[in-house]
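Reviewing the structure listed below.
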Amino acid sequence: MKVNNDILIPEMARLLSEGKEVRFTPSGVSMRPFIEGDRDAVIVAPFAEQQTPKIGQIVLAKTENPDHSVYMLHRIIGITDDGLFRLQGDGNLSGEEYCRRSNIYGFVRRIESPSGRSKLLTHGYLWRLLKPARQPLLKLYRKLHHHANN
């Protein structure tokens, strides 16, 4: 059953604020190749109040956007001088989002394949270094993924 993010994510944020973990299957392709939307599940754990999110962590957050806020599951790629966290999906070739610490609800503790097996959870350092080569790598991934599913 699909639930609208405007309903689901505030409820997950509430559970995380109570110290509980949440498990869900994200949608979209922005975290490819590490998280396959509508297939892989993620377990998101709350941050302790004194914990600071770190570069490389995949976080559930709400963007800091004056027009409208968007919930997302993206990786922290930097922190600005004024304390905003820079976020970007692993499958995104450009574009960044920004949020404050107060809008980061939790971090991905585990990624599971449909069979329930844990997938490799990294901080994405190598993937970030490969940014100039991401476009052909993601194109190859999409082709292989499409072929495997047909």
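Assorted remarks:
- Low-density loop positions, GluC sites (Glu not before Pro), the stretch 1-77 - DSSP coil, at most 16 other Cβ in 10 Å: 18, 21, 49, 64
- Inverse of mean 1/r across different Cα pairs in the chain, Kirkwood, Å: 16.0 Å
- Neighbour-limited loop hits for trypsin sites (Lys or Arg not before Pro), the stretch 75-119 (at most 14 other Cβ within 10 Å; DSSP other than H, G, I, E, B): 100, 117
- Between the amide H of residue 57 and those of 76, distances stay under 5 Å, these residues lying 5 or more places away or on another chain, with hydrogens modeled in the peptide plane.
- Surface accessible to a 1.4 Å probe, per residue, for the residues of the chain, Å²: 60 Å²
- Rg [Å, one decimal], Dmax [Å, integer] - the stretch 48-109, C-alpha atoms: 10.7, 32
The values are calculated or read from the model by the stated rules, or taken from the named source; none is laboratory data. The model shown is predicted, which means the values in this text are computed figures rather than measured ones. As a convention, Cβ positions derive from the backbone with ideal geometry for all residues, glycine included, and neighbour counts pool all protein chains shown. In case anyone asks, the SASA skips ligands and DNA or RNA and just uses the protein heavy atoms, side chains included. Shrake-Rupley method; radii C 1.70, N 1.55, O 1.52, S 1.80 Å.
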